[in-house]
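Participant: Sharing a structure with you now.
What follows is calculated from the coordinates using simple rules that are stated; it is not laboratory data. Here the structure is a predicted model, which means the values were calculated and not measured. Methodologically, a virtual Cβ is constructed for each residue, glycine included, from the backbone with ideal geometry; neighbour enumeration extends over all protein chains shown.
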Amino acid sequence: MSTTTHRAEATIEAVPDLPVIRIVREFAATTQQLFRAHTDPDLYARWVGPASVSTTIDHWDARDGGSFRFRNHRGEEEFAFRGCFHTVRSRLIVQTFTWEGMPDDVALETLVFEDLGGGRSRLVVQSLCDSMEGRDAWLASGMEVGVDEGYAALDGLLADGAV
Amino acid sequence: MSDQLSRVFAALADPTRRDMVARLTSGDATVGELAAPYDVSVQAVSKHLKVLEEAGLVSRGRDAQRRPAHLEAEVFDLMTKWIERYRREAEERYRRLDDVLAELNQTNEDDRLQEGTAS
């Protein structure tokens, strides 16, 4: 199952027989900049959470064998995520990712930064979950959260002429 | 997650049921026809079919003898929409990343300009 719209937009693929989610997106940036936005905690905190939440980085050590923990909060609600950086290289990050609400469900994420030339790059994120159920739970997460404010954020961008 | 969607995904979490759904995409089939490729009893296939039926993925024909199973394509559309929603969330996230990257580009540009005036 996959959906594709405009070429520049993110494409997603949920492989029917494997507990995998794959997202592909192109950026008007170099692979070095993409790498920085994924490994610098201050930059990462600015884009990772849904629009309505703020992100606090509790711990961040982006190197082979390092780890991270961050919290998204909105009002009283708080969601904490953590994981281990397995491999951190200029074009490749391999890490685990866990929502602390289901700490035994661990996804293995592989992030690849491809140089497209001309200051453009492609990001390929593959998440391998430990079961089909785990994968579907990830797909379902944020179903109630974030949808409305997601559209609101998009409206804002459209109004600003940013899109 | 809405109840129907959780039932749909739970129903499809089983490989035999996913196979049966794949078989039904090419046309309606009776329990016997669905059971043929598997090393399981007709009863077991009936049970799987019931789960698919309860999830709304499959309906059964009125013909009392055969009661062929029919795939409900609209429910699949619902799943596609669900995944599309997840995709949109990812897209929102990456639009924020676009902004961060644009700023990095700008910072580089400013540095270059500053170096230019300094020299």
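Participant: Separation between the B:H70 and B:Q106 pseudo-spin-labels, each 7 Å from Cα along Cα→Cβ, expressed in nm?
Facilitator: In this crude label model, B:H70 to B:Q106 measures out at 5.8 nm.
Participant: Continuing with this model, one more query. When all C-alpha to C-alpha distances in region A:1-107 are sorted into bins of 5 Å, what percent of pairs does each bin hold, rounded to whole numbers?
Facilitator: The distribution over region A:1-107 is 2, 10, 16, 21, 22, 18, 9, 1, given as percents.
Participant: Any chance you could list the semi-axes, whole Å, largest first, of the equivalent ellipsoid that the Cα gyration tensor gives for chain B, using √(5λ)?
Facilitator: 54, 13, 11
Participant: Measure out, as a whole number of angstrom, how far apart the alpha-carbon centroids of region A:79-98 and region A:111-130 sit.
Facilitator: 14
Participant: If I take R0 = 30 Å and measure r between the Cβ atoms of A:S52 and A:R91 in this structure, what FRET efficiency does the formula 1/(1 + (r/R0)^6) give, to the nearest 0.05?
Facilitator: 0.40
Participant: Could you calculate the FRET efficiency of A:D61 with B:K50 from 1/(1 + (r/R0)^6), where r is the beta carbon distance between them and R0 is 41 Å, rounded to 0.05?
Facilitator: Using R0 = 41 Å, I get an efficiency of 0.20.
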